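Report on one structure; see the data block that follows.
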């Protein structure tokens, strides 16, 4: 799943650590989501969406894996 | 989350060390400390068992405090470790019962194998998502 998390985090001047603390996950999880190695759970995606005041589909783009 | 994690990690470390210490007492005490006194040996084994249960409870508490990625990493590692422990453990036992190895199979070897396998798999899986 593609996402704009790194861009949004930069816009808000958050470090990965800051974002991890706000969302309630580890810094490694934020890093893995940004690198698109790990898809977040629905509650985490909602928390991110609420924080950046954007709909989930604007932040995360689903792409079918081949 | 960080405070809770530190507290859980500290508790797990505490109960793990106390379990190891009571295991050592229960293993060597009968021979070197209380000269095979049945009541003391039973008491030492019981105390070790209770500490083991408390260690498991502490481990469960820490696991439940993991976030989604950490749970995935540990679950994958646990699944592989469990599978390998069953397969390797039974092969090891067969090697013993068919006398293909000169010594008796010891449970401690399997415990060491499980511990090392889990450690290696958690390291590999953590790096996969780094």
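Consider region A:39-48. How many of its residues are in contact with a helix residue (DSSP H, G or I) (Cβ under 8 Å, 6 or more places away or on another chain), in a helix (DSSP H, G or I) and either more than 10 Å from chain B (Cβ to nearest Cβ) or over 22 Å from residue B:5 (Cα atoms) (or both)?
From region A:39-48, those in contact with a helix residue (DSSP H, G or I) (Cβ under 8 Å, 6 or more places away or on another chain) are A:39-41, A:44-48; that's our starting set.
Within this subset, residues satisfying the condition of being in a helix (DSSP H, G or I) are A:44-48.
Filter once more, so that each one left must be either more than 10 Å from chain B (Cβ to nearest Cβ) or over 22 Å from residue B:5 (Cα atoms) (or both): A:45-48.
Within region A:39-48, residues that are in contact with a helix residue (DSSP H, G or I) (Cβ under 8 Å, 6 or more places away or on another chain), in a helix (DSSP H, G or I) and either more than 10 Å from chain B (Cβ to nearest Cβ) or over 22 Å from residue B:5 (Cα atoms) (or both) number 4.
Condition check: closer than 30 Å to residue A:24 by Cα and in contact with a helix residue (DSSP H, G or I) (Cβ under 7 Å, 6 or more places away or on another chain). Does residue B:124 satisfy that? Taking the combined requirement at face value, the residue does not satisfy it.
Every test in (1) surrounded by 15 or more Cβ atoms within 10 Å (Cβ to Cβ); (2) modelled with pLDDT under 95 is passed by residue B:2 save one, and that test is (1). Does residue A:36 meet the test of being within 14 Å of another protein chain (Cβ to nearest Cβ) and either surrounded by fewer than 17 Cβ atoms within 10 Å (Cβ to Cβ) or touching a residue at least 60 places away in the same chain (Cβ under 8 Å) (or both)? Here the answer is yes, as residue A:36 does meet what is asked.
Just the residues that are closer than 20 Å to residue B:126 by Cα, free of Cβ contacts under 8 Å to residues at least 24 places away in the same chain and surrounded by fewer than 19 Cβ atoms within 10 Å (Cβ to Cβ), please, taken from region A:39-65. The one that is closer than 20 Å to residue B:126 by Cα, free of Cβ contacts under 8 Å to residues at least 24 places away in the same chain and surrounded by fewer than 19 Cβ atoms within 10 Å (Cβ to Cβ): A:41.
Is it the case that region A:16-30 has a residue that's touching a strand residue (DSSP E or B) at 6+ places or on another chain (Cβ under 9 Å), outside any helix (DSSP H, G or I) and at pLDDT below 95? Checked region A:16-30: no residue is touching a strand residue (DSSP E or B) at 6+ places or on another chain (Cβ under 9 Å), outside any helix (DSSP H, G or I) and at pLDDT below 95. Here the condition is being more than 14 Å from chain A (Cβ to nearest Cβ), over 22 Å from residue B:5 (Cβ atoms), out of contact with any strand residue (DSSP E or B) (no Cβ under 6 Å at 6 or more places or on another chain) and assigned to a helix (DSSP H, G or I); of B:54, B:116, B:78, B:121, it holds for B:116 alone. Quick check on region B:15-32. Is at least one of its residues under 25 Å from residue A:28 (Cβ atoms), under 21 Å from the mean Cα position of the chain (by Cα) and part of a helix (DSSP H, G or I)? Checked region B:15-32: at least one residue is under 25 Å from residue A:28 (Cβ atoms), under 21 Å from the mean Cα position of the chain (by Cα) and part of a helix (DSSP H, G or I). Residue count for region B:81-112, restricted to those that are under 22 Å from the mean Cα position of the chain (by Cα) and in a helix (DSSP H, G or I): 19.
The values are calculated or read from the model by the stated rules, or taken from the named source; none is laboratory data. Everything numeric here is computed off the predicted structure, so don't read it as measured data. Cβ atoms come from the backbone with ideal geometry, glycine included; neighbour counts cover every protein chain shown.
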